[in-house]
Amino acid sequence: MDRLGRAALSTLAAREGATLPPSGWSSQDIGIVHFGIGAFHRAHQAVFTQDAYAATGDDRWGICGVTQRSDAVKRQLAPQDGLYGVLERAVGHTGVKVVGSVREVLFPAEELDAVLARIAAPSTRIVTLTVTEKGYRRDADGRLDVADPIVAADLAGGRPASAVGRLVRGLQARAEGCDLPLTVVCCDNLTDNGTVLRRLVLDFCDAMPQGGDLRDWIESHVTFPCTMVDRIVPATTPDDRELGRQVLGLGDEGLVTAELFKQWVIEDRFSGERPAWELAGAQFTQDVAPYEAMKLRILNGTHSTLAYLGALRGHRTIAESVTDPELVGIARALIADDVIPVLKRPDGEDLEAYGASVLERFANPALAHRTTQIAMDGTQKVPLRLLGTVRDNLALGRQPHAALLGVAAWMAYLASAEGAGGLALPIDDPLADRLESEVRGCSDPARVVDRLLDVHEVFGDDLPGNDAVRGELVEDVARLLR
């Protein structure tokens, strides 16, 4: 079968379910550099950017994608002239939207100089990032982990390998070259993500030899707006690729899969020009925090809870977990009883309706979002998605039973090699070796809870000493392990 690419686009016009990129897509100049060009960026920010181009014809905002760990995406997209499809699936709907906003992909392990040159180029006005929570290499206090071997090597003057190291070296090249302002937009699930990234960048400068001048330049030339991003983007399966081939009549090695829903809330704090993302549906606001907390705690917190509980019960996907009456009851209780009462309501948002829509989205059987995929990186996710809810309820004198059950499910998942029906429960986490040695295979619930409460990076200093929290976690873990 022929492969998706510029020459094959003419064959798609008459195919039902296929949407072509707007005219002129291949002539866009690069104005955005994106770190972490995985499935989420390609199904989210790249789609918003293409839709903004379609609405305005402003061709200055093509994307240079920077891979982080391998050159796989470059190998997928280069033979396709940067084109790829977003397979959008819902009950009664299957379509493929072909995206052409990614104009270049660079692999910094081999093309670092080209990456730094792109950041320094006068035509580049924005850098965006989706490198996952663990990609920022923070310590237990949320600052840059200068003891991390990769960060330490970056600071020693080697060719940078961390996302923050590469970004800072790019900013250094820009300061020494064009000296124009830049906006850096973090699109990862971190509380106050723009502020977090700014602090990490400045931490890197402070740890650099003679980094003071660069720090001053960044503080005067670079802004770091906060954002909230939302779209369910499961890992693409062979079945998805086959369905994409049926819709397009072409092979597509870069295909990604997503739901129809997408949302992007952005703090309106840019140092210069930007795409007209609002014409593509993005929301600009002066305060992202309420939207961010809404999404992290309602959607992401419920997602993780269903993933851990579902995997323990042998459910392979989130959609299967939502068909389990007991689990969906826990999810509803988490949202209604523990999360919403301690949230600030964003302007124009109905939190109850948002919670109901989240569960409807999770139930989409067309999206095979694996429970064990959502279960990854728990030490990074649990503090943001569940423990903030726990702490806010405790501060009000309330015991958050459903949120604590979600935490207990993470603990039981770590202790269990298999879920019901023999489902393998891998530990994929930055602290995997430590977690496995501490609790994997342990059947004593009190020991599991105590050893995990001692993980300061997750629970801090306050929660381990709370007897009511510990007691409920032990009871929940005991029940889950049975």
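The values are calculated or read from the model by the stated rules, or taken from the named source; none is laboratory data. Owing to the predicted nature of the structure, the values given are computational and were not obtained by experimental measurement. Here the Cβ is made from the backbone with ideal geometry for all residues, glycine too, and neighbour counts use every protein chain on show.
Look at the range 450-462: where a residue is within 11 Å of Leu387 (Cβ to Cβ), no partner that is part of a loop (DSSP other than H, G, I, E, B) and of a type in the set (A, V, I, L, M) sits 6+ places away or on another chain with Cβ atoms under 6 Å.
Can you confirm whether Leu155 is outside the structural domain of Lys381 (by TED's automatic domain parsing), modelled with pLDDT of 95 or more and closer than 25 Å to Gln210 by Cβ? Here the answer is yes, as Leu155 does meet what is asked. Selection of the range 439-449 for residues being within 29 Å of the chain's Cα centre (by Cα) and either surrounded by 18 or more Cβ atoms within 10 Å (Cβ to Cβ) or in contact (Cβ under 8 Å) with a residue 40 or more places away in the chain (or both) yields Val439, Val448, Val449. State whether the residues of the range 463-479 include one that is of a type in the set (A, V, I, L, M, F, W, C), farther than 21 Å from Asp337 by Cβ, crowded, with 22+ Cβ neighbours inside 10 Å and modelled with pLDDT of 95 or more. Within the range 463-479, not a single residue is of a type in the set (A, V, I, L, M, F, W, C), farther than 21 Å from Asp337 by Cβ, crowded, with 22+ Cβ neighbours inside 10 Å and modelled with pLDDT of 95 or more. Cβ-Cβ distances below 9 Å connect the following pairs, each with a first residue in the range 11-29 that is at positive phi, a second residue that is modelled with pLDDT under 95, and a separation of six or more residues or different chains: Gly17/His93; Gly17/Thr94. Return the residues of the range 173-195 that are at pLDDT 95 or above and over 19 Å from Phe270 (Cα atoms); say none if nothing qualifies. Within the range 173-195, Ala173, Glu176 meet the criteria. Scanning the range 320-363 for residues that are under 22 Å from Asp392 (Cβ atoms), touching a residue at least 40 places away in the same chain (Cβ under 8 Å) and basic (Lys, Arg) yields Lys344, Arg345.
Comparison of Ala163, Ala120, Ala173, Ala152 shows that the only residue that is without any contact (Cβ under 8 Å) to a residue 40 or more places away in the chain and among the small types (Gly, Ala, Ser) is Ala152.
For the range 263-282, the criterion of being closer than 30 Å to Gly422 by Cβ and either modelled with pLDDT of 95 or more or more than 22 Å from the chain's Cα centre (by Cα) (or both) is met by none of the residues.
Residue by residue, here is whether (1) among the charged types (D, E, K, R); (2) under 24 Å from Asp377 (Cα atoms) holds:
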site: Asp139; (1), (2): yes, yes
site: Ala153; (1), (2): no, yes
site: Gly158; (1), (2): no, no
site: Gly177; (1), (2): no, no
site: Cys186; (1), (2): no, yes
site: Thr191; (1), (2): no, yes
site: Asp213; (1), (2): yes, no
site: Phe224; (1), (2): no, no
site: Asp240; (1), (2): yes, no
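Just one residue in the set Ala293, Ala276, Ala280 is hydrophobic (A, V, I, L, M, F, W, C) and in the same structural domain as Glu360 (by TED's automatic domain parsing); that residue is Ala293.
Taking the criterion of being of a type in the set (D, E, K, R) and assigned to a strand (DSSP E or B), the residues of the range 61-92 that qualify are Glu88, Arg89.
Yes or no, residue by residue, for (1) modelled with pLDDT of 95 or more; (2) within 28 Å of Pro365 (Cβ to Cβ); (3) touching a Lys or Arg at 6+ places or on another chain (Cβ under 9 Å):
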residue	(1), (2), (3)
Trp61	yes, no, yes
Gly65	yes, no, yes
Asp71	yes, no, no
Pro79	yes, no, yes
Leu83	yes, no, yes
Leu87	yes, yes, yes
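Contact map, the range 257-275: first residue loosely packed, with under 15 Cβ neighbours inside 10 Å, second residue of a type in the set (Phe, Trp, Tyr) and assigned to a strand (DSSP E or B), Cβ cut-off under 7 Å, separation 6 or more or different chains; pairs are Asp268/Phe284.
If you filter the range 256-286 down to residues that are hydrophobic (A, V, I, L, M, F, W, C) and assigned to a loop (DSSP other than H, G, I, E, B), you find that the one that is farthest from Phe40 (Cα to Cα) is Phe270. A Cβ distance below 6 Å, combined with a sequence gap of six or more or placement on separate chains, defines the contacts here; from the range 56-81, residues that are under 17 Å from Pro122 (Cβ atoms) reach residues that are exposed (fewer than 14 other Cβ atoms within 10 Å of the Cβ) and at pLDDT 95 or above in the pairs Arg60/Asp29; Gly62/Asp29.
Quick grid of which residues meet (1) exposed (fewer than 15 other Cβ atoms within 10 Å of the Cβ); (2) touching a Pro at 6+ places or on another chain (Cβ under 9 Å); (3) closer than 26 Å to His456 by Cα:
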site: Ile119; (1), (2), (3): no, no, no
site: Val131; (1), (2), (3): no, no, yes
site: Lys134; (1), (2), (3): no, yes, yes
site: Asp145; (1), (2), (3): no, no, yes
site: Pro149; (1), (2), (3): yes, no, yes
site: Ala153; (1), (2), (3): no, yes, yes
site: Ala156; (1), (2), (3): yes, no, no
site: Pro160; (1), (2), (3): no, yes, no
site: Glu176; (1), (2), (3): yes, no, no
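Across the range 1-50, the qualifying residues are those that are β-branched (Val, Ile, Thr) and more than 18 Å from Val66 (Cα to Cα), and the one among them that is surrounded by the most Cβ atoms within 10 Å (Cβ to Cβ) is Thr19.
Here is a check on your reading of the model: is Gly460 on the phi > 0 side of the Ramachandran plot and at pLDDT 95 or above?
no
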